[in-house]
Amino acid sequence: MRSRFTALIVITAATLLFEGIAAGQGAGYRFDKIAEGVFLAVPASPAPAAANIPVIVSEQDAILIGTHLSPASARALIEQVKTVTDKPVRFIVNTHYHAPQPLAPRDAFPAGVEVIGHELARRAILFDASGRPRSAAGIAPPTLGMTTRLALYRGDREIRILYIGRGHSDNDIVVLLPKERILCTGDLLTGTLPDMSDGNITEWVSTLEAMKVLDFDTVLPARGAPFKGKEKIAAWQSYMRDVLAQTTELLNQGVSAEETARRVDLTSHKKDFPEITGPGVALAAVKRLQTQIEDDPPFQP
C-alpha cells in the first residue's frame with residue numbers, strides 16, 4: 001500500500017510541477033524593494049510553480065533565492081533582474097526540490113551560475129531509493145551541496161543558508177540575512193495554506209519550532225505576500241496539529257482517505273487562513289499522511 005500511494009503522490013506532484021514551470025517560464029516579474037539591495041521578484045501571472053524569488057544584490061554579484069527555479073525560468077528572470085541591478089547573477093539557492101520528472105528533459109542552468117541545494121536533493125535527483133542512477137531527466141541538480149549550514153560573505157553582506165528540518169519536502173532550506181533580519185522561507189512557511197502533498201507532515205511542526213529560534217523580523221515566502229513577526233509560525237503549527245490529529249483518528253478508524261479528506265474540519269483556523277471556506281483538506285495530503293502513519297507511531301496531539 002505504501003509504495004502505491006507514494007508513487008501516486010510523486011507522479012501527481014511531478015505533473016503539476018512540470019505544467020506549472022511550463023506555464024510560468026515566460027511570465028514577467030515585478031520587483032518589490034524590501035531593503036537596501038534586497039528585492040522580491042513577484043510573478044505577474046502566478047502559476048502552480050511560479051514562486052516569489054528574493055533577489056539579493058551584493059557589491060560583487062546578485063543571488064536568486066528560487067523555489068522550483070528551472071533553468072529556463074532562471075534565464076528569463078536573470079534577464080529581468082537587469083532592471084534593478086547591473087551586477088551579474090552568480091548564485092541560485094533552490095530552497096527545495098521535489099521528485100524528478102521522468103518525462104521532462106534535463107536542462108542546464110546558465111553558464112557561470114552555481115546552484116546551491118541540500119545534498120538530499122541532489123541525491124534524490126541523481127539516484128533512486130535503491131541507489132541506482134536515474135536517467136538524466138527533470139530539473140537539474142544543485143552544483144553546490146550543503147547539509148546543515150553554509151555561509152556566503154559578499155562584501156559586508158552575510159547570507160546564511162540553513163537546514164532546520166523536514167517539512168514541505170525532506171530537503172527544505174531557508175536563507176537568513178542576519179544584518180537585515182530577513183528570512184527567506186521557500187515553501188516551508190508561506191503566506192497561504194501549507195502544501196502538504198509531498199511533505200513530511202509528522203515532522204513539520206517541530207521544524208517550525210526550530211524556525212522560531214532564528215533571529216528575524218521579516219519573512220519573504222515563496223507564496224503570498226511578505227509578512228512580519230513569528231505569529232504565523234504558531235498558526236501553522238496549530239493548523240498542522242489539527243490536521244494530524246483529525247486525519248490520524250479517522251484513518252485509524254478505517255475511514256477511507258477520500259472520506260477523511262472530506263470530513264476533516266479545519267474551519268476553526270479560518271481566522272488565520274481566510275481561504276478556508278468549509279470542511280475538507282487536500283486528498284493528496286491525507287494520502288501522504290497515510291503513508292507516514294504506516295511507518296511512524298500514532299500521532300499524539
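The values are calculated or read from the model by the stated rules, or taken from the named source; none is laboratory data. All values reported here derive from a predicted model rather than from experimental measurement. Cβ atoms come from the backbone with ideal geometry, glycine included; neighbour counts cover every protein chain shown. Note: accessible area is taken over every heavy atom of the protein model, side chains too, but ligands, DNA and RNA are not part of it. Shrake-Rupley method; radii C 1.70, N 1.55, O 1.52, S 1.80 Å.
Would you check which residues across the stretch 203-220 are open to solvent by less than 50 Å² (accessible area, probe 1.4 Å) and out of contact with any helix residue (DSSP H, G or I) (no Cβ under 9 Å at 6 or more places or on another chain) and list them? 207, 210, 214, 216, 218, 220, listed by residue number.
Can you list the helices (runs of 4 or more DSSP H) found entirely within the stretch 184-295 that contain at least 2 residues being touching a Ser or Thr at 6+ places or on another chain (Cβ under 8 Å) and among the hydrophobic types (A, V, I, L, M, F, W, C)? Let's see the steps before the verdict.
Values: elements: 201-212, 231-252, 257-263, 283-295.
Once the helices (runs of 4 or more DSSP H) in the stretch 184-295 are filtered for at least 2 residues that are touching a Ser or Thr at 6+ places or on another chain (Cβ under 8 Å) and among the hydrophobic types (A, V, I, L, M, F, W, C), what remains is 231-252, 283-295.
Restricting attention to the stretch 155-179, the residues being touching a Phe, Trp or Tyr at 6+ places or on another chain (Cβ under 9 Å) and either open to solvent by 10 Å² or more (accessible area, probe 1.4 Å) or within 30 Å of residue 248 (Cα to Cα) (or both) number 10.
Take the conditions (1) touching a residue at least 40 places away in the same chain (Cβ under 8 Å); (2) part of a loop (DSSP other than H, G, I, E, B); (3) over 20 Å from residue 219 (Cβ atoms); residue 76 misses just one of them, which is (2).
Take the stretch 52-67 and flag every residue that is crowded, with 23+ Cβ neighbours inside 10 Å and under 18 Å from the mean Cα position of the chain (by Cα). Once the filter is applied, which keeps residues that are crowded, with 23+ Cβ neighbours inside 10 Å and under 18 Å from the mean Cα position of the chain (by Cα), the stretch 52-67 yields 52, 53, 54, 55, 63, 65, 66, 67.
Suppose we filter the stretch 161-177 for residues that are in a strand (DSSP E or B) and either within 17 Å of the chain's Cα centre (by Cα) or modelled with pLDDT under 95 (or both); how many remain? Working first, answer last.
Residues of the stretch 161-177 in a strand (DSSP E or B): 161-162, 174-177.
Adding the requirement that they be either within 17 Å of the chain's Cα centre (by Cα) or modelled with pLDDT under 95 (or both) leaves 161-162, 174-176.
Going through the stretch 161-177 one residue at a time, the tally reaches 5.
Among residues of the stretch 56-73 that are closer than 14 Å to residue 31 by Cβ, those with a Cβ under 7 angstrom from a residue that is of a type in the set (Lys, Arg) and assigned to a loop (DSSP other than H, G, I, E, B), sequence gap 6+ or separate chain, pair up as 57/87; 62/87. Of the residues making up the stretch 236-272, those that are surrounded by fewer than 16 Cβ atoms within 10 Å (Cβ to Cβ) and within 26 Å of residue 212 (Cα to Cα) are 238, 241, 245, 267, 268, 270, 271, 272. Note on the stretch 180-200: residues that are touching a Pro at 6+ places or on another chain (Cβ under 7 Å) and open to solvent by 10 Å² or more (accessible area, probe 1.4 Å) amount to 1.
Any residue at all in the stretch 151-160 that's assigned to a helix (DSSP H, G or I), of a type in the set (Val, Ile, Thr) and modelled with pLDDT of 85 or more? Give the derivation first.
Applying the first criterion (assigned to a helix (DSSP H, G or I)) to the stretch 151-160 yields none.
There is no residue in the stretch 151-160 that is assigned to a helix (DSSP H, G or I), of a type in the set (Val, Ile, Thr) and modelled with pLDDT of 85 or more.
Take the residues of the stretch 180-216 that are touching a Phe, Trp or Tyr at 6+ places or on another chain (Cβ under 7 Å) and of a type outside the set (Lys, Arg): which is nearest to residue 237 (Cα to Cα)? Out of the qualifying residues, it is 208.
Hey, can you tell me all the residues within the stretch 168-182 that are in contact with a Ser or Thr (Cβ under 7 Å, 6 or more places away or on another chain) and more than 18 Å from residue 205 (Cβ to Cβ)?
The initial filter retains those residues of the stretch 168-182 that are in contact with a Ser or Thr (Cβ under 7 Å, 6 or more places away or on another chain), namely 172-174, 181-182.
173, 181, 182 - these are the residues of the stretch 168-182 that are in contact with a Ser or Thr (Cβ under 7 Å, 6 or more places away or on another chain) and more than 18 Å from residue 205 (Cβ to Cβ).
Could you please tell me which pairs satisfy a Cβ distance under 6 Å, a separation of 6+ or placement on different chains, a first residue in the stretch 119-132 that is open to solvent by 40 Å² or more (accessible area, probe 1.4 Å), and a second residue that is hydroxyl-bearing (Ser, Thr, Tyr) and in a loop (DSSP other than H, G, I, E, B)? Every condition considered, the pairs that remain are 119/147.
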